[in-house]
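The values are calculated or read from the model by the stated rules, or taken from the named source; none is laboratory data. Computed from a predicted structure; not experimentally measured. Using ideal geometry, Cβ is built from the backbone for each residue, glycine included, and neighbour counts are taken over all protein chains shown.
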Amino acid sequence: MKKILIHTLILFVFTSCFGDKKSGITTNFNDTSFENKSFQTKVTLSEIPSPCSLINKNQLAELYNVADENIIIIKGNIKNKQCSFGVKISEDKFGYLTGGINFYEDKDKLADGATWIESWQIQKGVSKSAEWIPNYGKAALWIGKKRELRVKLKDYTMSLYIPGSPFNKQELAYKRDYKKIALAIVKQIDFLN
């Protein structure tokens, strides 16, 4: 439980920096309806290929309504299961939107006896823009303010950051549905479904 409290504090600090903070005190620890109990993890963390191979350049170009050559895949660290990618939306210096995908260890049962369910309840509880997404992994959490989709699998988590910008006026004018983009991407990753 001590780890969960430390994790909560860290999440609180990070979310407060992004203006998405909410008190986790009212977290309902009896609600486990977000857990997909029928999901079976098909791939272990060590078996995941390069995360860059999971990003479809053509699909991303279509989702952002840009030419294929405006999608940049930045080869990530295969050992650390990370990949960055970008979308060029204009010729100016700040005309790139960046995103990324990474997979990291996230044990189902912590050393202090707490479970991933409690940790995820807190993650949802401290973010105003967080919502559960059904039918992906053991659980999936969309954090709108960060344009991030987290999917929990056995002993690890996938985190997908969708390219966007809260400051680029041109990008804001498109009024993109980042959640819809995230779900279109993860729908193509068969071991998350």
Do we find a residue being touching a Gly at 6+ places or on another chain (Cβ under 7 Å), in a strand (DSSP E or B), β-branched (Val, Ile, Thr) and touching a residue at least 24 places away in the same chain (Cβ under 8 Å) anywhere in region 99-106?
no
Picking from Ile74, Ile55, the residue that is buried (at least 16 other Cβ atoms within 10 Å of the Cβ) and within 19 Å of Ile189 (Cβ to Cβ) would be Ile55
Restricting to region 103-144, what's the tally of residues that are of a type in the set (Asp, Glu), under 27 Å from Asn77 (Cβ atoms) and surrounded by fewer than 16 Cβ atoms within 10 Å (Cβ to Cβ)?
2
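Which ones in region 77-91 are among the polar types (S, T, N, Q) and either surrounded by fewer than 16 Cβ atoms within 10 Å (Cβ to Cβ) or in a loop (DSSP other than H, G, I, E, B) (or both)? If you could, list the steps in order and put the result at the bottom.
From region 77-91, those among the polar types (S, T, N, Q) are 77, 80, 82, 84, 90; that's our starting set.
Selection gives Asn77, Asn80, Ser90.
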Of these, Leu11, Leu60, which one is at pLDDT 90 or above, assigned to a helix (DSSP H, G or I) and surrounded by 16 or more Cβ atoms within 10 Å (Cβ to Cβ)?
Leu60
Taking region 146-193 on its own, how many of its residues are at pLDDT 95 or above and in a helix (DSSP H, G or I)?
11
Search region 97-118 for residues being modelled with pLDDT of 90 or more, over 14 Å from the mean Cα position of the chain (by Cα) and not acidic (Asp, Glu), and hand back the single one that is nearest to Asn168 (Cα to Cα).
Leu97
Output the qualifying pairs, or none if there are none: Cβ atoms under 6 angstrom, residues six or more apart or on different chains, first residue in region 168-185 and closer than 16 Å to Lys145 by Cβ, second residue of a type in the set (S, T, N, Q) and outside any helix (DSSP H, G or I).
Glu171/Ser165
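Here is a yes/no grid of residues against (1) out of contact with any Gly (no Cβ under 8 Å at 6 or more places or on another chain); (2) on the phi < 0 side of the Ramachandran plot:
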site	(1), (2)
Ser38	yes, yes
Lys57	yes, yes
Tyr64	yes, yes
Ile74	no, yes
Phe85	no, yes
Gly113	yes, no
Glu118	yes, yes
Val126	no, yes
Gly144	yes, yes
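Run down Phe34, Phe94 and say which single residue is surrounded by 11 or more Cβ atoms within 10 Å (Cβ to Cβ), among the aromatic types (Phe, Trp, Tyr), at pLDDT 75 or above and assigned to a loop (DSSP other than H, G, I, E, B). First the steps, then the outcome.
On the way: Phe94 fails: at pLDDT 75 or above.
Matching residue, one of Phe34, Phe94: Phe34.
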